[in-house]
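Q: I have a structure here, written as structure tokens, and I will follow up with some questions on it.
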Amino acid sequence: MPPPLYIAMRFIGYRKKAILLSLTGVILGVAFYICAQAQTQGFERFFIKGALGTSGAIVIGNRFQTLHTDILDRGAPGMLSIGHEKPRKFYEGINDPERIMRVVNEFSNVATCAPVLEGSAALATDFRQEVFRVQGIDLTLHLKASTLREQIVNGSIEDFQVKPFGLILGYELADKMRTRVGHDVGLIGLDGEHRTFRVCAVFQTGNLFIDEKYGYVHLKAAQSLLQRPYGVSHLMVKLRDPSRAPALATHLEQLLQHRARSWQDRERGSLQIFNLIRISAAITVSTIILLAGFGIFNILTLMVMDKVREIAVLRSMGYRRADISAIFLWQGFLVALIGSLLGCVLGAALTYGVSQIPVDIKGFLSTKRFLVHWSGTDYLTATAIAFVAIFLASYFPSRRAARLAPVDILRGSGQ
Amino acid sequence: MSMNATASVSSADVPLQCNDIQRYLGEAESRVHVLRGVSLQLQSGCVHAIVGPSGCGKSSLLYVMGLLDRPDGGRITLGSEAVEGLTDDQVSRRRNEHIGFVFQFHFLMHEFTAQENVMIPMRRLGRLNTREMQERAAMLLEMVGLGDKVRRNSQHLSGGEQQRVAIARSLANDPRVLLADEPTGNLDTANSERVFHLLTELVRRQRKALLLVTHNPQVAEASDWIHEMKDGQLIACTAGRLR
């Protein structure tokens, strides 16, 4: 054991109450940081999972045509303008989804993609009639590209698979329409024709908007219902690494001349809110650690003042300035180490406790319990904050101790 | 002894010496010339006492010779090595290895037992393992008559006992030189005599050089050499009773 650490371990017992108070501050700071981050990230991850599972990492939609003026465009007499890109002209949907899917599937990051034909239709039950968003899907591809199977809360996908006029409804929509699995309902498309569909399953994403407004039918049925026998509205693309979606979306857009939007772009507003909440929580909770660090600073500063004789004697025994400094830095390190370890344990316990709290949230997100995300990064970040704060708190007293001139202290000792 | 009195002493018997030491303290108008060309050789196996009125530079000389303070002029030689060019870390290493200090106040660390206090210089030197350090510390405490109080917390020892622990601590790394700044100044007569006797015995048996700053005439008289200081200068060197 290095001699300064040996001495630090004894000195740390000096002013026990004050050091325990600061240690408690570090423990609580680390624990609260971990728990707060687990909560904010829990809700964020849940939201992202829903967004990815429902619409994919990238949505490829409307075809566009880039319009250019001539390179040199003569305007008024004597005026010359240089050619530039005009606003794009959009054409609704994708006319040749097979070709686009073939190209998209060539990219190594693409896990799979699925066509979706989306439009509005009226849903009629014995109870009422309401317009909703219907999505025509290729079930096999859709199950690979989405988390639809996990979202089913009633009925079965297999039942839907074998029924050409099967229907999967959002949980809130089914509830609102007072219908359930096994019921026959009417769908009225653009042609005004009434078609009978069987409710085969009910899904719940946790996003109230989707659960209240959406339903799925087979692609062929949607083409008939929405009077679009060819083409689809968009392709949903599932990626192996969704974090790389923005770059791939930009590339696909240029390559395919179709609008391509990453999930980060689509959900930018919500993600920014989550990010702000996370940063705000981190700053607030880090304050506790910083206050604990300030406490350590006070304790060590007082200790340096009280231990000047011991410091002088250690120097007379051959201890170097670096050794004296290390005695105080080691004390900070020990507080940070113990505080972080206990803080991580308490943080994990608090996170678990919070995850067991029953809640009933509906709206932007729907959940019946507190959502938490277990992330090692949060534990490492909290530990790093504690170590940096306490290192700074110990550094200045330690430097002061190292700079003390032993002779001045010994002369002032009444000798 | 003073340089002129020791011309015939071989360098092997002089573990520490200083030549023409100059030292100023304070700044600007309050600057004081505390050591004015002091030269001194410490001889192995001898007790050197420095006496003189308060403020004459006794302690300043002790700190300079103990490498705790750097002189403004002159030369200090530890064994055969001049210490002027050494870095602070190198000087600390020499101090740890070759010099033992005893102060008027014991300056023991209350967080440690007597044995652990004695082990602190050994830990810095790093030559012995923990068990060897414990054995040596116990042996040194036995030597100063505290064999039965090895594991006692230093706070729970009497003043005389604490000073004897401090002496044991100064011997931890078997230094060639002991520097004592009024080691008996804070003790009653009985303890004072005991501590001085202990120090002189160590010097004799272990051939160490002891430089002792004292105001106590009996202690000074009982030394080998008495160096009298006045106004930052050594003005006389006489043989003591031991000689």
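The values are calculated or read from the model by the stated rules, or taken from the named source; none is laboratory data. On a predicted model such as this, the values are computed, not experimentally measured, just so you know. FYI the Cβ positions are ideal-geometry reconstructions off the backbone, even for glycines, and counts take in every protein chain you see.
Q: Any residue at all in region B:187-196 that's touching a residue at least 12 places away in the same chain (Cβ under 8 Å), closer than 23 Å to B:Ser59 by Cβ and part of a loop (DSSP other than H, G, I, E, B)?
A: Of region B:187-196, the ones touching a residue at least 12 places away in the same chain (Cβ under 8 Å) are B:187-188, B:190-192, B:194-196.
Imposing the further condition that a residue be closer than 23 Å to B:Ser59 by Cβ reduces the set to B:187-188, B:191-192, B:195-196.
Subset that is part of a loop (DSSP other than H, G, I, E, B): B:187-188.
Yes, because at least one residue in region B:187-196 is touching a residue at least 12 places away in the same chain (Cβ under 8 Å), closer than 23 Å to B:Ser59 by Cβ and part of a loop (DSSP other than H, G, I, E, B).
Q: Of (1) out of contact with any Asp or Glu (no Cβ under 7 Å at 6 or more places or on another chain); (2) part of a helix (DSSP H, G or I); (3) within 14 Å of chain B (Cβ to nearest Cβ); (4) surrounded by fewer than 22 Cβ atoms within 10 Å (Cβ to Cβ), A:Met1 satisfies all except one. Which?
A: (2)
Q: Here's something else I'd like to know. What strands (runs of 3 or more DSSP E), lying completely within region A:142-215, carry at least 3 residues that are farther than 17 Å from A:Gly119 by Cβ? Break it down into steps so the answer makes sense when it comes.
A: Working: elements: A:152-155, A:166-170, A:184-188, A:194-203.
Of the strands (runs of 3 or more DSSP E) lying wholly inside region A:142-215, those with at least 3 residues that are farther than 17 Å from A:Gly119 by Cβ span A:152-155, A:194-203.
Q: Turning to a different aspect of this structure: In region B:149-188, which residues are at pLDDT below 90 and β-branched (Val, Ile, Thr)?
A: Of everything in region B:149-188, those that are at pLDDT below 90 and β-branched (Val, Ile, Thr) turn out to be B:Val150, B:Ile167, B:Thr184.
Q: Hey, can you tell me all the residues within region A:281-312 that are within 14 Å of another protein chain (Cβ to nearest Cβ), touching a helix residue (DSSP H, G or I) at 6+ places or on another chain (Cβ under 8 Å) and part of a helix (DSSP H, G or I)?
A: Narrowing region A:281-312 to residues within 14 Å of another protein chain (Cβ to nearest Cβ): A:303, A:306-312.
This time we only want the ones that are touching a helix residue (DSSP H, G or I) at 6+ places or on another chain (Cβ under 8 Å), so: A:303, A:307-309, A:311-312.
A:Met303, A:Val308, A:Arg309, A:Ile311, A:Ala312 - these are the residues of region A:281-312 that are within 14 Å of another protein chain (Cβ to nearest Cβ), touching a helix residue (DSSP H, G or I) at 6+ places or on another chain (Cβ under 8 Å) and part of a helix (DSSP H, G or I).
Q: Restricting to region A:375-415, give me the number of residues that are within 14 Å of another protein chain (Cβ to nearest Cβ) and aliphatic (A, V, I, L, M). Before you say what the answer is, go through the steps one by one.
A: Going through region A:375-415, the residues within 14 Å of another protein chain (Cβ to nearest Cβ) turn out to be A:402-415.
Cutting the leftovers down to aliphatic (A, V, I, L, M) gives us A:402, A:404-405, A:407, A:409-410.
Total satisfying the criteria: 6.
Q: A follow-up question, please. Any idea how many residues of region A:314-341 are of a type outside the set (D, E, K, R), in contact (Cβ under 8 Å) with a residue 12 or more places away in the chain and either within 14 Å of chain B (Cβ to nearest Cβ) or closer than 21 Å to B:Val118 by Cα (or both)?
A: The qualifying residues number 10.
Q: Checking B:Leu128 against (1) part of a helix (DSSP H, G or I); (2) of a type in the set (A, V, I, L, M, F, W, C); (3) without any contact (Cβ under 8 Å) to a residue 40 or more places away in the chain: exactly one of these is not met. Which one?
A: Exception for B:Leu128: condition (1).
Listed here are the residues, each with its yes/no results for (1) out of contact with any Lys or Arg (no Cβ under 7 Å at 6 or more places or on another chain); (2) closer than 23 Å to B:Val165 by Cβ; (3) facing another protein chain (nearest Cβ under 10 Å); (4) not aliphatic (A, V, I, L, M).
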position: B:Cys46; (1), (2), (3), (4): yes, no, no, yes
position: B:Cys56; (1), (2), (3), (4): no, no, no, yes
position: B:Asp69; (1), (2), (3), (4): yes, no, yes, yes
position: B:Asp72; (1), (2), (3), (4): no, no, no, yes
position: B:Ile76; (1), (2), (3), (4): yes, no, no, no
position: B:Val83; (1), (2), (3), (4): no, no, no, no
position: B:Thr87; (1), (2), (3), (4): yes, no, yes, yes
position: B:Gln90; (1), (2), (3), (4): yes, no, yes, yes
position: B:His98; (1), (2), (3), (4): no, yes, yes, yes
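Q: While we're looking at this one, here's another question. Being under 16 Å from the mean Cα position of the chain (by Cα) and farther than 19 Å from A:Ile324 by Cα is the filter here, so list the residues in region B:68-98 that pass it.
A: B:Ile76, B:Thr77, B:Leu78, B:Gly79, B:His98 - these are the residues of region B:68-98 that are under 16 Å from the mean Cα position of the chain (by Cα) and farther than 19 Å from A:Ile324 by Cα.
Q: Would you point out the residue of region B:82-96, among those that are part of a loop (DSSP other than H, G, I, E, B) and either of a type in the set (A, V, I, L, M, F, W, C) or closer than 11 Å to B:Leu68 by Cβ (or both), that is modelled with the lowest pLDDT?
A: In the first step, residues of region B:82-96 are kept if they are part of a loop (DSSP other than H, G, I, E, B); the result is B:83-87.
Narrowing the set further to residues that are either of a type in the set (A, V, I, L, M, F, W, C) or closer than 11 Å to B:Leu68 by Cβ (or both) leaves B:83, B:86.
Working: B:Val83: 85, B:Leu86: 89.
Residue satisfying both the conditions and the ranking: B:Val83.
Q: Still on this structure: Can you find a residue that is surrounded by fewer than 19 Cβ atoms within 10 Å (Cβ to Cβ), out of contact with any Pro (no Cβ under 7 Å at 6 or more places or on another chain) and at pLDDT 90 or above anywhere in region A:284-294?
A: Checking region A:284-294: not a single residue is surrounded by fewer than 19 Cβ atoms within 10 Å (Cβ to Cβ), out of contact with any Pro (no Cβ under 7 Å at 6 or more places or on another chain) and at pLDDT 90 or above.
Q: Which residue, of B:Glu161, B:Glu116, B:Glu111, is within 21 Å of A:Glu310 (Cα to Cα), touching a helix residue (DSSP H, G or I) at 6+ places or on another chain (Cβ under 8 Å), in a helix (DSSP H, G or I) and within 9 Å of chain A (Cβ to nearest Cβ)?
A: Details: B:Glu161 fails: within 9 Å of chain A (Cβ to nearest Cβ); B:Glu111 fails: in a helix (DSSP H, G or I).
Within the list B:Glu161, B:Glu116, B:Glu111, the selection yields B:Glu116.
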